[in-house]
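Below is one structure, written out as C-alpha cells, with a few remarks after it.
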Ligand SMILES: Nc1nc2c(ncn2[C@@H]2O[C@H](COP(=O)(O)OP(=O)(O)OP(=O)(O)O)[C@@H](O)[C@H]2O)c(=O)[nH]1
Ligand SMILES: [Mg+2]
C-alpha cells in the first residue's frame, strides 16, 4: 500500500478521509505512488494568487510555491492551477511547503481570451462539472453562451448551463428547453431570489466531485454561491 510521510507518521494516502473529501481516489493514489521521492505528500491546489499557491493536504491548508526544478521543467500551462493535485515537500531550508510535481490533469478549463494562444491560462483543473451561468434578464447572448459551453466541452468537464434570474423572465422554462435542444447540454433555469431551480441543481452535487462556476460579471454567481452555502461567503454587489 502507498504511504506518504507526514508529521503524524506514515499515513496510507489511499485511505485519507481528509483528501478523499477533496476528490482523492485510488487512481490518484497510484499516480502518487509512482513518484519515488519518499518525503513527498499529496495536496490539492485550492487557490492561487500572484506567485503563491494555497494547497490542502492531510494536515490542512498551507501556502506553497513550486520548487526551482519544477519551475525550470514546467512548460506553458504546466504551472499548478486551482484544482490540480500536486506532490509537495517541506523545504529543508525553511520548512515551507514546496510543490515538486503535478499529477495528471483529468480536465483543464482554459480561459479563451481573444488574441491569446489557447492554453495560455488554466482557470480550473480536474473539474467534473462546469456550470456556465448566463442571465435571463434580457441580455442573453446565445453566441457567448455557445463559447462558454465549447470551453466546457474542450476542458473535459461536463458543461451545465444555468439560466440565472429566472424570476425576471416570464418564459424561463421555455427558454431553457429551447437552449437545451440547441446546445445539447443540460440547461437549468434558476433564481437565487425565489429559489426556483436550485433543487434541480442537486443532481450534480455529488460528494468528492469538483464543480466550477463561470459566467460574465453580474450574472449572479456570488449571489448563487452564497444562497447555496446559506451564508455570505463571496462578496456580492452593493
Ligand atoms: N432578480 C434577481 N437578481 C439577482 C439574482 N441573483 C443575483 N441577482 C442580482 O444581480 C446582481 C449581480 O449579482 P452577483 O452575484 O454580484 O453577480 P456576479 O456574477 O458574482 O458578478 P461578478 O462578481 O462581477 O462576476 C446583484 O445586484 C444581485 O442582487 C436573481 O436570482 N434574481
Ligand atoms: Mg461575484
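Coordinate-derived values only; no laboratory data. Small disclaimer: the values here were computed from a predicted structure and weren't measured. Note that we place each Cβ from the backbone using ideal geometry, even for glycine, and neighbour counts take in every protein chain shown.
Considering all different alpha carbon pairs of segment 108-229, the Kirkwood hydrodynamic radius works out to 14.7 Å. Over every Cα atom in the chain, the radius of gyration and the widest Cα-Cα span, Dmax, amount to 19.8, 63 Å.
Set the Förster radius R0 to 45 Å, insert the Cβ-Cβ distance between residue 204 and residue 73 as r into 1/(1 + (r/R0)^6), and round the FRET efficiency to 0.05. Show your work: numbers first, answer last.
Values: r = 36 Å, r/R0 = 0.79.
E(calc), rounded to 0.05, equals 0.80.
Using the Cβ-Cβ distance between residue 61 and residue 150 with R0 set to 30 Å, the FRET efficiency from 1/(1 + (r/R0)^6) comes to roughly 0.35.
Between the Cα long axis of helix 172-183 and the first principal axis of the chain there is an angle of about 60°, rounded to the nearest 10.
Taking a point 7 Å from the Cα of residue 49 along the Cα-to-Cβ direction, the residues of segment 219-235 with backbone N closer than 18 Å to it are 233-235. Ordered by the number of other Cβ atoms lying within 10 Å of each residue's own Cβ, fewest first, 201, 52 fall into the sequence 52, 201. Expressed in units of 2.2 N^0.38 Å, where N is the residue count, the Cα radius of gyration of segment 3-102 is 0.99. Cβ-Cβ distance of residue 121 and residue 171, R₀ of 25 Å, FRET efficiency by 1/(1 + (r/R0)^6): the value works out to about 0.10. Extension gain for residue 228 to residue 185 (0.36 nm times residue separation, less C-alpha to C-alpha distance): 13.3 nm. Available extension along the chain between residue 94 and residue 33 is 19.4 nm, counting 0.36 nm per residue and deducting the alpha carbon span.
From helices alone, the chain scores -6000 deg cm²/dmol at 222 nm; the rule is -39500 (n - 2.57) for each run of n ≥ 4 DSSP H residues, then divide by the residue total.
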